[in-house]
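Beneath this line is the structure, given in structure tokens, with notes to follow.
The values are calculated or read from the model by the stated rules, or taken from the named source; none is laboratory data. Being a predicted model, the structure only gives us computed values, none of them experimental. Cβ atoms come from the backbone with ideal geometry, glycine included; neighbour counts cover every protein chain shown.
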Amino acid sequence: MRGGITLTLAGAPARVENSTVIDCDHGYSLPNNSVVRNSSGNAAFGPLLIMPYSHKRGADIELELIPSQETRGDHPLASITGRGHRIRITAAEDGEPATLRPIVVGRVPGGRYTSDNSSEEELRSRHRAHNIVLRNLTPHPVLLTPYAHDGEIHSRGPLTDRGERNQSERLAEP
């Protein structure tokens, strides 16, 4: 499928429970103030989670990354913009996955969400990730772009912070 649980354009909050999404272009994408619990998916052909709009806020998401039979492409594990999200990603398997995919906080300019002649102010507006709390309990790396600020990041995987005023902590392996 192109998208598993794709509710990002819904007007009301969503509550997603007990769901598994596999082999999609993107697994989960949610509207404001949504909650995800006891749900999982893989990142075989696209991101497990995508929050593509910087005006979205307040999602509370807990997802488990499950292994894939095969994997293709150079996509991220997750792409997160918006503000006030609380996101926790765990892994169903211990050990190093075959393909490490970044969790990107603050969108990297380019692609369908940016025109070639965007101003710096427009880029900041469209790609920002503000006050994100991320708990990455996987070995996958986290990349905080220049558009990520005032976040709280805890990660078992490597962490690169190119943003501003983020608090980060590298967690010990289990």
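Only one entry in Arg128, Arg124, Arg135 is modelled with pLDDT of 95 or more and within 23 Å of Asn33 (Cα to Cα), namely Arg135.
Looking at the structure I just gave you, is Ala10 in a loop (DSSP other than H, G, I, E, B) and over 23 Å from Thr160 (Cα atoms)?
Values: in a loop (DSSP other than H, G, I, E, B): yes; over 23 Å from Thr160 (Cα atoms): yes.
Considered against the rule, which asks whether it is in a loop (DSSP other than H, G, I, E, B) and over 23 Å from Thr160 (Cα atoms), Ala10 comes out as yes.
In the stretch 127-174, which residues are of a type in the set (Asp, Glu) and farther than 20 Å from Gly58 by Cβ? Within the stretch 127-174, Asp161, Glu164, Glu169, Glu173 meet the criteria. Taken over the stretch 55-98, the criterion of being of a type in the set (Ser, Thr, Tyr) and under 15 Å from the mean Cα position of the chain (by Cα) is satisfied by Ser79, Thr81, Thr90.
Set side by side, the residues Leu63, Leu48, Leu100 differ, and just one is more than 18 Å from His127 (Cβ to Cβ), modelled with pLDDT of 95 or more and in contact with a His (Cβ under 9 Å, 6 or more places away or on another chain), which is Leu48.
Restricted to the stretch 150-174, and to residues there that are touching a residue at least 40 places away in the same chain (Cβ under 8 Å) and touching a Gly at 6+ places or on another chain (Cβ under 9 Å), the residue that is surrounded by the most Cβ atoms within 10 Å (Cβ to Cβ) is Gly151.
When the stretch 41-86 is filtered for residues that are in a strand (DSSP E or B) and either without any contact (Cβ under 8 Å) to a residue 12 or more places away in the chain or surrounded by fewer than 22 Cβ atoms within 10 Å (Cβ to Cβ) (or both), the ones remaining, listed by number, are Arg57, Asp60, Glu62, Glu64, Arg83, Arg86.
Taken over the stretch 52-69, the criterion of being of a type outside the set (Gly, Ala, Ser) and touching a Phe, Trp or Tyr at 6+ places or on another chain (Cβ under 9 Å) is satisfied by Pro52, Tyr53, Ile61, Leu63.
Go through Arg170, Arg107 for me and flag whichever is more than 16 Å from the chain's Cα centre (by Cα) and at pLDDT below 95.
Details: Arg107 fails: more than 16 Å from the chain's Cα centre (by Cα).
Residue meeting the stated conditions: Arg170.
Take Asn18 and decide whether it is surrounded by fewer than 17 Cβ atoms within 10 Å (Cβ to Cβ), under 20 Å from Gly151 (Cα atoms) and more than 13 Å from the chain's Cα centre (by Cα). No. Reported count of residues in the stretch 87-106, each being of a type in the set (A, V, I, L, M, F, W, C) and either assigned to a strand (DSSP E or B) or crowded, with 16+ Cβ neighbours inside 10 Å (or both), is 6.
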